[in-house]
Amino acid sequence: MMIRISLLAVLLAIVSVGMARAQYPILDMVAQRVIERYQQSTCEQLWEQRGQPKTQREQEVVQMLRNDPQMRADLINRIAAPVANKMFECGLIP
């Protein structure tokens, strides 16, 4: 839950700052924090968070990422490998 809240807070901060569409300079910091959170979380913590429903704030961030494919692609490109590796180690993905 803490990972989700931290990610959402940082992503909402990015949106409110009004970054340029071409580049997302704060996204480096966001991506690094997400990666660190996944690396520092135990598998048990990740399993517990998996089944929890999304908060209203999380739903808003997901919608924002759906509406901005460039931001979404940039974020995913930065965090995909480390997050996927942790999820694989924890048995969250085959």
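Is there a residue being in a loop (DSSP other than H, G, I, E, B) and at pLDDT below 85 anywhere in the range 53-63? Yes, that holds for at least one residue. Restricting the first member to the range 67-94 and to residues that are closer than 16 Å to L27 by Cβ, and the second to residues that are hydroxyl-bearing (S, T, Y) and not in a helix (DSSP H, G or I), the beta-carbon pairs closer than 9 Å and six or more apart or on different chains are Q70/Y24; M71/Y24; D74/Y24; L75/Y24. The residues of the range 37-46 that are surrounded by 13 or more Cβ atoms within 10 Å (Cβ to Cβ) and more than 11 Å from the chain's Cα centre (by Cα), listed by number, are S41, C43, Q45, L46.
Residues in the range 72-94 that are closer than 17 Å to Q49 by Cβ and either of a type in the set (A, V, I, L, M, F, W, C) or buried (at least 16 other Cβ atoms within 10 Å of the Cβ) (or both): I79, P82, V83, A84, K86, M87, F88, C90, L92, I93.
The values are calculated or read from the model by the stated rules, or taken from the named source; none is laboratory data. Here the structure is a predicted model, which means the values were calculated and not measured. Reconstructed Cβ throughout: ideal geometry from the backbone, glycine too, with neighbour counts over all protein chains shown.
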